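Student: Got a structure for you, written out below as structure tokens; questions coming shortly.
The values are calculated or read from the model by the stated rules, or taken from the named source; none is laboratory data. Quantities reported herein were computed from a predicted structural model and do not represent experimental measurements. Note that each Cβ is placed from the backbone with ideal geometry, even for glycine, and that neighbours are counted across all protein chains shown.
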Amino acid sequence: MRAGFERIGRTVSLERAKRSCLDKRAYKSRNEARDFAARNRKKYGETADQPYRCTICGKFHLATRKAKRKTRAKAGRGKGGKR
Ligand SMILES: [Zn+2]
């Protein structure tokens, strides 16, 4: 059994896990991820996909960075927080 959804000092909710892991494509290695990103770049131009090691499944995913999106709703709007 693998490490579940817990990471150091923090428990990842299932929903979050889905978004950052389960819904994403997993790569066996960083190289593989990078390779894929490189191909993407050729196709789509300026994507800055960063391979990262997933703390949930232990594989690699690509973090797609969209430009200009540094500030994320820090002041919660409404209730219920983020979804
Ligand atoms: Zn994962």
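Student: So, in region 41-64, exactly how many residues are among the aromatic types (Phe, Trp, Tyr), under 22 Å from Ser13 (Cβ atoms) and away from the ligand (no atom under 14 Å from the Cβ)?
Tutor: 0
Student: Is there a residue in region 14-22 that is at pLDDT below 75 and either among the small types (Gly, Ala, Ser) or outside any helix (DSSP H, G or I) (or both)?
Tutor: Scanning region 14-22, I find no residue that is at pLDDT below 75 and either among the small types (Gly, Ala, Ser) or outside any helix (DSSP H, G or I) (or both), so the answer is no.
Student: I'm trying to understand the selection: among the residues of region 30-66, which are loosely packed, with under 12 Cβ neighbours inside 10 Å, of a type in the set (Gly, Ala, Ser) and modelled with pLDDT of 90 or more?
Tutor: Gly58
Student: Another question, if that's okay. Kindly list, by first and then second residue, each pair from a residue in region 31-44 that is closer than 15 Å to His61 by Cβ to a residue that is of a type in the set (Asp, Glu), limited to pairs with Cβ atoms under 9 Å and residues at least 6 apart or on different chains.
Tutor: Ala33/Asp49; Arg34/Asp49; Phe36/Asp49; Ala37/Asp49; Asn40/Asp49
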